[in-house]
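Please read the structure below before turning to the comments.
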Amino acid sequence: MHELMTSRLSGFHKLPMSERVAKLQRMMRLSTEEASQLEGTDGLPPETANQMIENAVGVFHLPLGMGLNMTVNGKDYIVPMAVEEPSVVAAVSFAAKIVREAGGFTADSDDALMIGQVQVTRYGEPEAAKAKLLAHKEQILALANSFHPAMQKRGGGAKDIEVRILPAPEGPRGEPLLVLHLVIDTQEAMGANLINTMAEGVAPMVEELTGGKVYLRILSNLADRRLARSTCRIPLELLADFDMPGEAIAEGIAQASRFAVADPYRAATHNKGVMNGIDSMAIATGQDWRAIEAGAHAYACRDGRYQPLSTWMLEEGHLVGRIELPLALGTVGGPVKIHPGVQAAMKILRVGSARELAMVMASVGLAQNLAALRALGSVGIQKGHMALHARCVAVTAGARGDWVEKVANLLVLHGHVKVEKAKEILESLRPEEFAAATGTG
Ligand code: NDP
């Protein structure tokens, strides 16, 4: 049994880093190796890095933090997040705490249906070529599945085909595009490699059936059959803050949501906030965050206008938030089983499937968005953000150890969070203090 199955770890942020790790180690029964993976003292081995990518020269590090207070469908999650930006982890934990008091997030996600695309050209008459492909659906699916028989045994594999005829980008004189979609259930995998194998594998049959020439054979990152959704419903009184009543804060959040629906300039920044949480979690859990980003923004534009991925409305005395986006995630494949840090992160997260991972990730995106809009729609984000940013400024100026916090506090007190000011503060110290503060003693 785990020591304590809660994501509500009061005072966690005040603990020294080593004690945070020790607490997680006890709670999640991490091995010494897994704990040192979290701390970064025992990272990705260079020889593994060398097998993962080309021209490897080493390993790049990012801070790893834990998003707390998440409750999704009644289960608590501690969320590993790898990110360089201050305030992301604090913000998600703060918003998740409010939602937790309101009963937590309610989320669901689709089966792992992905699309492999096969582009056909010089096929003659479009409708005749389309009909030929559709008439041979079972043969095409059988051929696709023959390249990954194990997927079918797991209950996945190629399930369906679709044929699309798209207008030529050059206008009526150009050949319309004929695109075959293989709809593939990738189960616990993100799926890119297996989809590409199947798409390439069926190409000769597609050429034979249509008499055409196939060019591209690759997955689509617009994974719109593999959506994840999350909602939360917050009584207004839980939102009261900054000496403002909950109604006023909620109104600011709803207004921010309207702004994002009406204006792509705002929607882009709104979605950036959502992706702050999603990308951080994706990196820590070994997901292909470029694929997630591509899918999210293409989905945001699905109706021809760029839209926010999440919305907030006032409904019967509650603030109701909703998010929906494609999340093509894997609990197998890619770096998931290769990267020891990812394995430690997955152990902390305790998700049993890629679908569960998607539900938590969508909820993290919604929590991140709530935190940003709550501040933006009331007092603004700079005050909170600058307090955290001040620590980076202090480090840049040369502060080390306990002095990072001290210098950061002075910067905020002066209302002047700049490297020059931090240097000035350090240089005003007595020589022995300066040596201690900058680690040069
Ligand atoms: P992998 O090929 O690494 O692994 C997936 C394999 O895991 C499956 O084919 C399957 O092989 C095996 N597996 C074991 N258990 C299961 C299970 N329960 N469910 C499903 N599969 C299982 O990864 P993906 O195919 O998922 O590809 C993801 C990688 O592709 C990512 O690293 C991504 O960066 C990269 N990529 C992304 C692209 C894009 O997004 N545009 C393009 C190209 C690559 P078996 O059936 O043989 O056991």
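Some values worked out for this structure:
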item	result
Residue check for LYS337: within 16 Å of the ligand (Cβ to nearest atom), basic (Lys, Arg) and over 15 Å from the mean Cα position of the chain (by Cα)	yes
Helices (runs of 4 or more DSSP H) (entirely within the stretch 334-441) containing at least 3 residues that are aliphatic (A, V, I, L, M) and open to solvent by 40 Å² or more (accessible area, probe 1.4 Å)	382-397, 402-414
Candidate set from the stretch 146-168 (those that are open to solvent by 20 Å² or more (accessible area, probe 1.4 Å) and touching a helix residue (DSSP H, G or I) at 6+ places or on another chain (Cβ under 6 Å)); member that is nearest to the ligand (Cβ to nearest atom)	HIS148
Checking PHE60 against (1) within 16 Å of the ligand (Cβ to nearest atom); (2) without any contact (Cβ under 8 Å) to a residue 12 or more places away in the chain; (3) closer than 29 Å to ARG26 by Cα, the condition it does not meet	(1)
Some residue of the stretch 224-242 being under 30 Å from ARG322 (Cβ atoms), under 32 Å from the mean Cα position of the chain (by Cα) and of a type in the set (S, T, N, Q)	yes
Sole residue being more than 16 Å from the ligand (Cβ to nearest atom), within 30 Å of LEU388 (Cβ to Cβ) and open to solvent by 30 Å² or more (accessible area, probe 1.4 Å), chosen from VAL89, VAL83	VAL89
Identity of the residue in the stretch 55-101, under 18 Å from ALA362 (Cβ atoms) and of a type in the set (Ser, Thr, Tyr), that ends up farthest from the chain's Cα centre (by Cα)	THR71
Residue within the stretch 284-299 that is open to solvent by 10 Å² or more (accessible area, probe 1.4 Å), in a helix (DSSP H, G or I) and of a type in the set (Ser, Thr, Tyr) present	yes
Members of the stretch 24-37 found to be open to solvent by less than 70 Å² (accessible area, probe 1.4 Å), in a helix (DSSP H, G or I) and within 30 Å of GLY103 (Cα to Cα), listed by number	LEU24, GLN25, MET27, MET28
Hits in the stretch 197-238 - residues which are within 16 Å of the ligand (Cβ to nearest atom), in a helix (DSSP H, G or I) and either open to solvent by 20 Å² or more (accessible area, probe 1.4 Å) or out of contact with any Leu (no Cβ under 7 Å at 6 or more places or on another chain) (or both)	THR197, GLU200
Number of the condition not met by THR311 [criteria: (1) more than 16 Å from the ligand (Cβ to nearest atom); (2) open to solvent by less than 10 Å² (accessible area, probe 1.4 Å); (3) polar (S, T, N, Q)]	(2)
Some residue of the stretch 242-261 being within 16 Å of the ligand (Cβ to nearest atom), touching a residue at least 60 places away in the same chain (Cβ under 8 Å) and either outside any helix (DSSP H, G or I) or closer than 24 Å to HIS181 by Cα (or both)	no
Subset of the stretch 273-297 [within 12 Å of the ligand (Cβ to nearest atom) and over 22 Å from ALA344 (Cβ atoms)]	ARG290, ALA291, GLU293, ALA294, GLY295
Counted residues, the stretch 318-333 - those being open to solvent by 50 Å² or more (accessible area, probe 1.4 Å) and either within 15 Å of the ligand (Cβ to nearest atom) or at pLDDT below 95 (or both)	1
Whichever residue in the stretch 169-196 is open to solvent by 20 Å² or more (accessible area, probe 1.4 Å), outside any loop (DSSP other than H, G, I, E, B) and within 16 Å of the ligand (Cβ to nearest atom) and, among such residues, is nearest to GLY116 (Cα to Cα)	ASN196
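The values are calculated or read from the model by the stated rules, or taken from the named source; none is laboratory data. These numbers were taken from a predicted model, which means no experiment stands behind them. So basically every Cβ, Gly included, is an ideal-geometry build from the backbone, and we count neighbours across all protein chains shown. Side chains are part of the model used for accessible areas, which takes the heavy atoms of the whole protein and leaves out ligands, DNA and RNA. Shrake-Rupley method; radii C 1.70, N 1.55, O 1.52, S 1.80 Å.
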